[in-house]
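Here's the structure, in structure tokens; my notes come after.
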Amino acid sequence: MTMIGDDLQQVKNRIAKACAEHGRNPAEVRLLAVSKTFGPEAVREAHAAGQRAFGENYVQEGLDKIAALSDLRAELEWHCIGPLQSNKTRPVAEQFDWVHGIDRLKIAERLSAQRPAHLPPLQVCLQVNVDGGANKSGVPPEEALPLARAVAALPHLRLRGLMAIPEPAPDFAAQRELCLRARAVYDAIRAAGIELDTLSLGMSADLEAAVSAGSTMVRIGTAIFGRR
Ligand SMILES: *Cc1c(COP(=O)(O)O)cnc(C)c1O
């Protein structure tokens with residue numbers, strides 16, 4: 001197996017082990033391979049090893065990679081996971097399948113208006129700021145429900161869930177505590193009657209804590225592609 005194929009398998013093993021330890025069904029935790037800073041050939045290698053969903057942080061880099069891999073387009077699912085400025089929404093609405101970083105209505109409205117009619121709705125997650133850091137992106141937890149209601153009503157988007165990027169924490173217990181804050185917001189929105197099925201939570205360093213807190217999609221870069 002190639003090195004990327006090998007590393008992918010190790011990440012899948014970590015997910016399976018965390019699921020077994022925390023009473024989760026591994027089929028409920030999707031793996032998003034974060035390919036930012038790595039070239040199209042790395043994505044091709046991961047695809048050859050069976051990976052289909054890829055995450056990109058920087059819009060232009062993602063667009064270049066989508067173009068370079070156009071022969072695989074029908075098989076790949078591209079997720080925009082970085083912060084999104086309003087002047088960059090159009091190519092994202094036209095080229096990506098998912099957007100994880102929505103933290104204001106204006107961005108969501110633009111994406112909905114710019115999503116081409118011949119494509120399925122853009123799949124979106126709201127980013128929630130679970131640490132309270134004032135200069136971090138993400139909607140504060142108490143504003144997540146009204147934003148979810150507004151985004152769920154937009155015609156060319158489909159609200160799938162929440163995304164969070166907890167600050168690095170020193171150990172499993174501290175990581176889990178931050179992850180559970182995202183889970184609590186997720187549960188509260190679902191309890192209010194808005195259908196969500198995606199909790200996008202967990203990176204290379206806190207995958208196990210995220211799975212223990214109920215993540216349904218882990219976003220893994222370093223552990224698959226190596227150091228950036
Ligand atoms: C880079 C990045 C990841 C992946 O992080 P790793 O620590 O390399 O696994 C996940 N989510 C977001 C939003 C990122 O920017």
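All of the numbers you see were taken from the coordinates with simple rules; none came from a lab. Everything quoted here is computed from the prediction, not taken from an experiment. No Cβ is skipped: glycine too gets one built from the backbone with ideal geometry, and neighbour counts run over all protein chains shown.
Partners of LYS65 within straight-line reach, counting lysines whose Cα lies under 19 Å from its Cα and excluding those fewer than 8 residues away in the same chain: LYS36, LYS88.
From most to least packed by mean Cβ count within 10 Å, the peptides 101-113, 157-169, 4-16, 185-197 give 157-169, 101-113, 4-16, 185-197. Only one residue of LEU32, ALA16, ASN129 has its Cα farthest out toward the positive end of the dipole of segment 3-225, where Lys and Arg carry +1 and Asp and Glu -1 on Cβ, and that residue is ASN129. Put in order of Cβ neighbour count within 10 Å, fewest first, the listed residues ARG44, ARG181 become ARG44, ARG181. In segment 36-90, taking the dipole from charged Cβ atoms about the Cα centre, the farthest positive-side position among ALA46, ILE66, SER86 is held by SER86.
Which of rounded, prolate, oblate describes segment 10-71, given a ≥ b ≥ c as roots of the alpha-carbon gyration tensor eigenvalues and a/c under 1.5 marking rounded, otherwise prolate only if a/b is larger than b/c? Judged from the Cα gyration tensor, segment 10-71 comes out prolate (a/c at least 1.5, a/b above b/c). Label positions at HIS118 and ALA48, each projected 7 Å from the Cα along the C-beta direction, are separated by 3.2 nm. Taking the inverse of the mean 1/r over every pair of distinct Cα atoms in segment 3-225 gives a Kirkwood hydrodynamic radius of 17.5 Å. For the chain, adding -39500 (n - 2.57) for each run of n ≥ 4 DSSP H residues and dividing by the number of residues yields -13000 deg cm²/dmol at 222 nm.
When +1 charges are put on Lys and Arg Cβ atoms and -1 charges on Asp and Glu Cβ atoms, the dipole computed for segment 3-225 relative to its Cα centre reaches about 480 debye.
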